[in-house]
1. Provide the net charge surrounding residue 121, with neighbours chosen by a C-beta distance below 10 Å and charges set as Lys +1, Arg +1, Asp -1, Glu -1.
2. What is the distance in Å between the Cα centroid of region 114-160 and that of region 1-80?
3. Run down the lysines and flag those whose C-alpha is under 18 Å from the C-alpha of residue 125, throwing out any fewer than 8 positions away in its chain.
4. Determine which aspartates and glutamates satisfy two conditions relative to residue 178: a Cα distance under 16 Å, and not lying fewer than 8 residues away in the same chain.
Amino acid sequence: MSMIRRECLRVLAQHVREDDIVVSVFTTAFEWIAIRPSPLNYIMVGAMGLGSSHALGLAIGRPDRRVILLDGDGSLLMNLGALVTVANAAPKNLFHFVVENGTYEANGSHPIPGRDCVDFSGLAKAAGYRDCATFGELADFESNVGTFLNRQGPVFAALKVVPGETPNFDYEHMHGAKVRQEFRRALAAHPQTT
């Protein structure tokens, strides 16, 4: 029961709006920007465990926009306390997806602790997220992702995936000043409405 990550991300991309902010971490970030380039892609490479914290800050700072987080299971394990922080802040516009492949993929694909038994959706539910789900079949995800993204956040979904093809690791692009400038300009181009 696993989806190929790229196929799962393609399905999700069909439901992402032009003005959504997508926070993406590590290997998933490289695949995401190839599938759905946007100046509102906020890339997190090199700050393991902090994707949820950055997404929370953006969701609080821009309540007029949906913030979609593409977190990693290894990344989330580095900062499990963020689940409680997110649930306590309760941003209605935060949609937290954990791309779960059971490894620290960006660091040599070493297995994560508890890879065969940890229930990320259960952890999020216990932390206080409004709605939680686990998807392991592409057809099920495809049928439900639209409804899931229309719920009131914070919501959480674990996406059981296998990596698939190795993406193009363009670190120069990811860490380049141009990406940061484009993100700032895109946010400024659509000021917050209250």
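1. -2
2. 14
3. Result set, ordered by chain and number: 92, 160.
4. 170
Rule-based calculations on the coordinates, nothing more; no lab input. This is a predicted model, so every value here is computed, not measured. In this analysis, Cβ positions are derived from the backbone assuming ideal geometry, glycine residues included, and neighbour counts consider all displayed protein chains.
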